[in-house]
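The values are calculated or read from the model by the stated rules, or taken from the named source; none is laboratory data. Keep in mind that what you see is a predicted model, and the values were worked out from it rather than measured. So basically every Cβ, Gly included, is an ideal-geometry build from the backbone, and we count neighbours across all protein chains shown.
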Amino acid sequence: MATYEVTKTTMRLDEVVMLYYGSLEQFTAVNEANPNLGLFLSRGDIVELPEQSAVVTEEVLW
């Protein structure tokens, strides 16, 4: 599991997820892995970043 240390004075958890994964699809997994953190983070907070889980999507052809 990777970690991310917040270096800005204020930052939101969704910003960290977007920076690390490139989308918000993993937001719920990150939120659940960090029950001690809220939506708003402070400098020095450590965010646990779980392995990216596969997202299964169906492609509609017709």
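Table: residues versus (1) touching a Ser or Thr at 6+ places or on another chain (Cβ under 7 Å); (2) in contact (Cβ under 8 Å) with a residue 24 or more places away in the chain; (3) not aromatic (Phe, Trp, Tyr).
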position	(1), (2), (3)
Lys8	no, yes, yes
Met18	no, no, yes
Tyr21	no, yes, no
Pro35	no, no, yes
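Within region 24-41, is even one residue of a type in the set (A, V, I, L, M), part of a loop (DSSP other than H, G, I, E, B) and buried (at least 16 other Cβ atoms within 10 Å of the Cβ)? Yes, there is a match, as at least one residue in region 24-41 is of a type in the set (A, V, I, L, M), part of a loop (DSSP other than H, G, I, E, B) and buried (at least 16 other Cβ atoms within 10 Å of the Cβ). Here is the figure for region 4-18: residues that are modelled with pLDDT under 95 and under 10 Å from the mean Cα position of the chain (by Cα) total 1. Residue count for region 44-62, restricted to those that are modelled with pLDDT of 95 or more and either touching a Leu at 6+ places or on another chain (Cβ under 8 Å) or over 14 Å from Thr3 (Cβ atoms) (or both): 2.
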